[in-house]
Amino acid sequence: MPLHESAHPTACQNARTLDPLDKRLLFVTGKGGVGKTTVSYALGLAAAAAGKRVIVCETSAQDRGARLFGQVPRGFSEEELTDGLWTISIGFEEATKDYLERQMPVRSMGSILARSNIFTYLAAATPGLQEMVTMGKIWEIAHVERRKKLEERIYDLIIVDAPATGHGISFLRTPGEFQALARVGPLAKQAGRIAKTLVDHDSSGVVIVATPEEMAVSEAILLEESLAGKDGTGFAIDRHYVNGLHPIRFTDRELGLIESAGEGRSKAALATRPALAESARASTQREQLRRLEQVTKAPVTELPYLYATEIGPEELAHLAEEVG
């Protein structure tokens with residue numbers, strides 16, 4: 001399979017493992033607002049630091065990666081953010097035009113068809129076509145032999161900042177469903193190859209991001225159950241990342257002293273309130289962390305809360321040290 005071929009001599013060959021960075025295709029999903037994009041780029045930095053050539057594919061067309069690194073967003077093009085790490089933001093219209101241009105014997109024909117009213121109508125009326133075209137672009141980026149033929153850059157690891165929870169499930173299932181729906185034709189054939197690759201636990205995997213909160217953890221548990229399947233023949237769930245954990249700052253003895261100091265005196269009570277609230281938050285977060293650990297079959301990695309007004313290269317570098 002072309003997806004299994006190493007991009008350059010320093011790359012590691014894929015093996016059956018739960019290490020997300022050993023995969024060829026890695027999808028990052030989870031509840032909205034839990035930091036999927038941040039974790040995606042932290043994983044990218046960690047892989048790049050290990051000598052791999054990595055690209056993060058954003059499916060939301062929001063160009064967050066460029067902004068995280070203080071660069072001007074370039075949209076639907078492969079842009080280098082730092083040594084060994086690239087980004088691309090994949091929107092449906094651009095991906096559709098790119099797909100048609102690659103499939104048509106003359107590139108201009110694909111561009112004309114993509115702008116036609118007939119194709120616009122068909123795209124709106126065909127279930128899963130938008131997700132399939134987006135996944136098709138990811139496939140193109142991951143397809144070693146095709147990249148070689150077109151003299152395009154070859155990557156060791158493709159990280160996909162996938163849609164959140166419900167949409168993320170349908171996004172991953174789209175190739176298989178589209179193949180069954182279309183049955184014949186080049187897109188159906190490609191959908192079948194992609195679907196087969198996505199459930200190959202040696203080459204593809206999923207990591208789930210959650211914050212240490214009840215709803216986010218509950219969604220992470222349900223997401224794993226839905227994607228992995230009861231018999232384990234679904235997608236490989238390689239890891240959970242619990243993002244935004246506050247540190248435990250006080251021992252039980254210290255907490256007792258703080259509580260005693262605040263009893264009966266209004267000023268002292270006000271002074272101790274932030275410390276007690278922070279301790280209660282950290283304790284509640286650990287309860288949710290333990291709940292996830294008791295249920296999941298995949299390893300759980302804790303990621304610290306970043307005390308920063310904005311996430312930038314320095315914060316991402318810190319997270320990159322924690323995601324491995």
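Read-outs: derived from the displayed coordinates by stated rules, not from any lab. Note that the structure is a prediction, hence the values are computed from the model and not measured. Cβ atoms come from the backbone with ideal geometry, glycine included; neighbour counts cover every protein chain shown.
Some observations on this one:
- Cα-Cα over 23 Å, subset of Lys36/Lys137; Lys31/Lys97; Lys36/Lys297; Lys52/Lys149: Lys31/Lys97
- Annotation: peptides 297-303, 169-175, 275-281, ranked by per-residue average of other Cβ atoms within 10 Å with the highest first, follow the order 169-175, 297-303, 275-281.
- Counting all C-alpha pairs of the stretch 146-305, share separated by more than 27 Å (%): 46
- Segment Glu321-Ala188, length gained on full extension (0.36 nm per residue, minus Cα span): 43.8 nm
- Between Thr251 and Phe76, the contour length at 0.36 nm per residue exceeds the alpha carbon distance by 57.9 nm.
- Reach of Lys23 by Cα under 19 Å, taken over aspartates and glutamates that are not fewer than 8 positions away in the same chain: Glu5, Glu58, Glu140, Glu145, Asp156, Asp161, Asp200, Asp202, Glu224, Asp238, Glu321, Glu322
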